[in-house]
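A.B. asks: There's a structure below that I have some questions on.
The values are calculated or read from the model by the stated rules, or taken from the named source; none is laboratory data. Keep in mind that what you see is a predicted model, and the values were worked out from it rather than measured. Positions of Cβ are backbone-derived with ideal geometry, glycine not excepted, and every protein chain shown enters the neighbour counts.
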Amino acid sequence: MNSNHLLLEEPIRMASILEPSKPSFFPAMTKIVGTLGPKSRSVEIISDCLKAGMSDDYVLFSSVARFDFSWGDIEFHQETLENLKTAVKSTRKLCAIMLDTGGPELQVVNKTEHPISLEADTKVILTPDQDKPATSNLLPINYHGLSKHMEGLYYLPSTFPCLLIYHPSLPPGFIMKRKKAVKKGDTIFIGQYLFTGNETTSVWLEVDEVCSEDVVCLIKNSATLSGTLYTLHVSQIRIDMPTLTDKDKEARSFLSKLGELNQTQIFAKIENIEGLTHFDEILQEADGIIFSRGNLGIDLPPE
């Protein structure tokens, strides 16, 4: 008998695989996190999601509906929440809620909302001047420090371990901290998280030169950007932006309406090399960890 073949008592039919699993006394420990977006926020669709597994009959083990606050306003998410409440009542399926805040993000701003075509082997300028319209040759961004070496004065204990600049003219206990800017040869990614090499909606840029506040880049692949905002990612460069944006604070007020904040758990999302470097410290403060594979795949090589 050939041991490489699996012997079955009877053929497996697709219908039997698709049949719902039999009820069990023990609740499933693996849970589903379902994002409620523009095409999945109606009461009917949410009800179907709850019945399909985005729920549980035990409060302590309920699955999660995710609200992505990187897009949409408070009114949009409030309407989605009301639809979720209605679906939960009608299906009698329990479901927890996760608010995924956007945090500090570099973005290309396209106020015209017209698609932008970028041609490979041509150049495009990234500028912090958001009053200028986005074109195939000029992309406004929401950050002024991309082209600059910025310095600031900080007070830290002498035992604090970090890479800092000391100068004898500084007062005792103070140090000068320098933030790194982009330089020639650095890579910048705009668009979706997944890049296969055949994408037409995402683009790789290579920094060619820095001119005052503007960054001139060489376009590495042809692409068309559509919409009002596109995420911009600079590989392994620390961007000095507030950890909590105004939109994140709105999300907190949204959350406070749902119940007591002391019952809320905080999950930290690791999405760049800085998060990996400080992983142990983050783990001490957070209730859980989420790895953003898409962001990490842009910031770090697969190895």
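A.B. asks: Here are some residues: Thr91, Thr135, Thr80. Which one is surrounded by 14 or more Cβ atoms within 10 Å (Cβ to Cβ), at pLDDT 85 or above and closer than 25 Å to Arg252 by Cα?
C.D. replies: After applying the criteria, what remains is Thr80.
A.B. asks: Specify the residue that is surrounded by the most Cβ atoms within 10 Å (Cβ to Cβ); the eligible residues are those in region 276-299 that are among the charged types (D, E, K, R) and under 22 Å from Thr231 (Cβ atoms).
C.D. replies: Among those that are among the charged types (D, E, K, R) and under 22 Å from Thr231 (Cβ atoms), it is Asp299.
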